[in-house]
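As structure tokens, the structure follows; a few thoughts come after it.
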Amino acid sequence: MSPYALSMLMSSLAVGTIITMSSHHWFLAWMGLEINTLAIIPLMTKMHHPRAAESATKYFLTQATASALILFSTTINAWMTGEWTIMNMTNHTPTVILTLALAIKLGIAPFHLWLPDVLQGLNMLTCLILSTWQKLAPMALMMLTSHQLNTNLLIAMALMSTIIGGWGGLNQTQMRKIMAYSSIAHLGWMILVISFAPSLALLNLFIYLVLTSSMFLMLMTLNSTNTNKLSISWLKTPTLAASMMATLMALGGLPPTSGFLPKWLILQEMTKQHLGTLSALMAMSALLSLFFYIRLSYTISMTSPPNISNSSLTWRKKKNLTYVIPILIIMSATMMPITPTLLLLN
């Protein structure tokens, strides 16, 4: 792809997200979401492969359906209230339609089926953009309207997302599908607490972005797209393989990594709201995700594929490692000690 076209598409992605996040009018927010969708589709199809075309088509149809539902719900709300303001979603019917539309946009269960298939047909860089940047605009709209959304519906979708995100990733061998199910599970934790404490949902989103970005950048550096390639990563870059294990533990939410922080605070908030049974179910569903993260760590550290070469080391290609990966790895593993500071910021 031409650098000029690439810069134009990336700028459009940024502009679409900024328009949605800074708007107070529903039509302007909808227009930002549309710019976002139309800007990423050429990035999906730049591989010129049938799987990429299939992924782009699935993504376009799904996002177009969600955008139509958002426009439909906001039109009903404007007809009932006489306002297009984002903060004024007071009627039950348009609020429920809006919640379902944003769930489709984000890939939250039970509207999650498009996400693993779409990610599997794309390259790692586009998967990184789709899993991180494309979540910002819909999540911003959900946070703006969090005090008006249907709490019971959000709780049901959150519990379903964490269970399906953990269960779906158990038998996967492709890293892109595993990261897709990881994204579904993390989004479940975010929307669980968004009605009670939006600041915790924002903290969870920030840590999710850091962990997912570091994971995808390490997979791009090691050129690992499945678990078989991941098993020889320690022969290529041992330090990066060890860092990937720490990031996987953070994604699973094990202390003292950064991933434990939002889960701990969310469960604490849920028990304050007298939702002890829901907290126990969420904690147990997190064990499903933790299982396949531990399995990947086992694959990296304790398995060795058959090697016909007499040498114990594979040929190493020089990689231009940027300073972004070490910074993200450090943030993935060491944000837990600064918990008091983060709580003061809230």
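The values are calculated or read from the model by the stated rules, or taken from the named source; none is laboratory data. Given the structure is predicted, the values throughout are model-derived calculations rather than measurements. Glycine also receives a Cβ, built like all others from the backbone with ideal geometry; neighbour counts cover every protein chain displayed. Areas reflect the complete protein model, heavy atoms only, side chains present, ligands, DNA and RNA absent. Shrake-Rupley method; radii C 1.70, N 1.55, O 1.52, S 1.80 Å.
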The listed residue being within 21 Å of Gln134 (Cα to Cα) and touching a helix residue (DSSP H, G or I) at 6+ places or on another chain (Cβ under 7 Å), out of Leu6, Leu61, Leu43: Leu43
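So that you can scan it fast, the table gives a plain yes or no per residue for (1) closer than 24 Å to Lys135 by Cα; (2) touching a strand residue (DSSP E or B) at 6+ places or on another chain (Cβ under 8 Å); (3) β-branched (Val, Ile, Thr); (4) modelled with pLDDT under 90:
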{"site": "Tyr181", "(1), (2), (3), (4)": "yes, no, no, no"}
{"site": "Ile184", "(1), (2), (3), (4)": "yes, no, yes, no"}
{"site": "Ile194", "(1), (2), (3), (4)": "yes, no, yes, no"}
{"site": "Leu202", "(1), (2), (3), (4)": "yes, no, no, no"}
{"site": "Phe206", "(1), (2), (3), (4)": "yes, no, no, no"}
{"site": "Val210", "(1), (2), (3), (4)": "yes, no, yes, no"}
{"site": "Ser213", "(1), (2), (3), (4)": "yes, no, no, no"}
{"site": "Leu217", "(1), (2), (3), (4)": "yes, no, no, no"}
{"site": "Pro238", "(1), (2), (3), (4)": "no, no, no, yes"}
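Rundown of residues vs (1) surrounded by 15 or more Cβ atoms within 10 Å (Cβ to Cβ); (2) of a type in the set (D, E, K, R), yes/no style:
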position: Leu6; (1), (2): no, no
position: Ser23; (1), (2): yes, no
position: Leu43; (1), (2): yes, no
position: Lys58; (1), (2): yes, yes
position: Ser67; (1), (2): yes, no
position: Leu71; (1), (2): yes, no
position: Met87; (1), (2): no, no
Among the residues listed as Thr85, Thr65, Thr57, Thr90, the single one being without any contact (Cβ under 8 Å) to a residue 24 or more places away in the chain and farther than 18 Å from Ser183 by Cα: Thr57
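Would you call Gly165 closer than 21 Å to Gln63 by Cα and touching a Phe, Trp or Tyr at 6+ places or on another chain (Cβ under 9 Å)?
Values: closer than 21 Å to Gln63 by Cα: yes; touching a Phe, Trp or Tyr at 6+ places or on another chain (Cβ under 9 Å): yes.
It is true that Gly165 is closer than 21 Å to Gln63 by Cα and touching a Phe, Trp or Tyr at 6+ places or on another chain (Cβ under 9 Å).
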Residues of region 240-251 that turn out to be buried (at least 24 other Cβ atoms within 10 Å of the Cβ) and closer than 19 Å to Ser285 by Cα, as a count: 3
Filter result for the condition that a residue is under 17 Å from His186 (Cα atoms), over 14 Å from the mean Cα position of the chain (by Cα) and in contact (Cβ under 8 Å) with a residue 60 or more places away in the chain, over Leu159, Leu136, Leu154: Leu159
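Would you mind finding the one in Leu217, Leu222 that is open to solvent by 10 Å² or more (accessible area, probe 1.4 Å) and over 26 Å from Leu154 (Cβ atoms)?
Sole residue among the options that is open to solvent by 10 Å² or more (accessible area, probe 1.4 Å) and over 26 Å from Leu154 (Cβ atoms): Leu217.
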Unmet requirement for Asn171, which otherwise passes all of (1) buried (at least 18 other Cβ atoms within 10 Å of the Cβ); (2) out of contact with any Asp or Glu (no Cβ under 7 Å at 6 or more places or on another chain): (1)
Residue list for region 129-164, restricted to those being more than 23 Å from Ile97 (Cα to Cα) and open to solvent by less than 10 Å² (accessible area, probe 1.4 Å): Leu130, Ser131
Test: Ser199 is in a helix (DSSP H, G or I) and more than 30 Å from Gln148 (Cα to Cα): no
Residue in region 118-128 that is surrounded by fewer than 16 Cβ atoms within 10 Å (Cβ to Cβ) and modelled with pLDDT under 95 present: yes
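Taking region 25-34, which residues are over 12 Å from Ala140 (Cβ atoms), hydrophobic (A, V, I, L, M, F, W, C) and open to solvent by less than 60 Å² (accessible area, probe 1.4 Å)? Working first, answer last.
First, the residues of region 25-34 that are over 12 Å from Ala140 (Cβ atoms): 25-28, 30-31, 34.
Applying the additional criterion that residues be hydrophobic (A, V, I, L, M, F, W, C) yields 26-28, 30-31.
The answer is Trp26, Trp30.
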